[in-house]
Amino acid sequence: MSVLDNKKTNELIEALLSLETPEETRSFMRDLMTEAEITEFSNRFCAAQMLSKKLPYSAIEKETGLSSATVARVSKWLNSGKNGYKEVIAKLNHH
């Protein structure tokens, strides 16, 4: 069974889908993750957005503080992952 397809993960997904406001989401994220984890995930998402705009790795590393290896992993997931980054970025660009 995949880490993305098990009872615990499905419950987390349902919890995320139940959130209705930015305030609820902030509160849940803060209870779920450490401040360092929130920062890391925020920087990874920022990197994905910057990569989708074809910005150079050096600019992304400078803006986010991520290592070149992490930027490369985000690029890999952006370009050959499950399209999660692409779908969310497209949704945000339509607003």
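The values are calculated or read from the model by the stated rules, or taken from the named source; none is laboratory data. Given the structure is predicted, the values throughout are model-derived calculations rather than measurements. No Cβ is skipped: glycine too gets one built from the backbone with ideal geometry, and neighbour counts run over all protein chains shown. Side chains are part of the model used for accessible areas, which takes the heavy atoms of the whole protein and leaves out ligands, DNA and RNA. Shrake-Rupley method; radii C 1.70, N 1.55, O 1.52, S 1.80 Å.
Details
- If only residues of the stretch 27-41 that are acidic (Asp, Glu) and closer than 24 Å to Gly81 by Cα are counted, the one that is farthest from the chain's Cα centre (by Cα) is Glu37.
- Leading residue by the ranking (nearest to Gly84 (Cα to Cα)) among those in the stretch 15-26 that are over 17 Å from the mean Cα position of the chain (by Cα) and assigned to a helix (DSSP H, G or I): Ser18
- Taken together, the residues in the stretch 68-95 that are open to solvent by 60 Å² or more (accessible area, probe 1.4 Å), over 22 Å from Arg26 (Cα atoms) and either among the hydroxyl-bearing types (Ser, Thr, Tyr) or in a helix (DSSP H, G or I) (or both) amount to 7.
- Glu63 fulfils the conditions (1) among the charged types (D, E, K, R); (2) in a helix (DSSP H, G or I); (3) free of Cβ contacts under 8 Å to residues at least 12 places away in the same chain; (4) open to solvent by 100 Å² or more (accessible area, probe 1.4 Å) except for a single criterion, (3).
- Tyr57 meets all of the listed conditions (1) under 15 Å from the mean Cα position of the chain (by Cα); (2) surrounded by 12 or more Cβ atoms within 10 Å (Cβ to Cβ); (3) of a type outside the set (A, V, I, L, M); (4) modelled with pLDDT of 95 or more but one, namely (1).
- Residues that are open to solvent by 70 Å² or more (accessible area, probe 1.4 Å) and in a loop (DSSP other than H, G, I, E, B) were ranked within the stretch 1-14; the one that is nearest to Gly84 (Cα to Cα) is Leu4.
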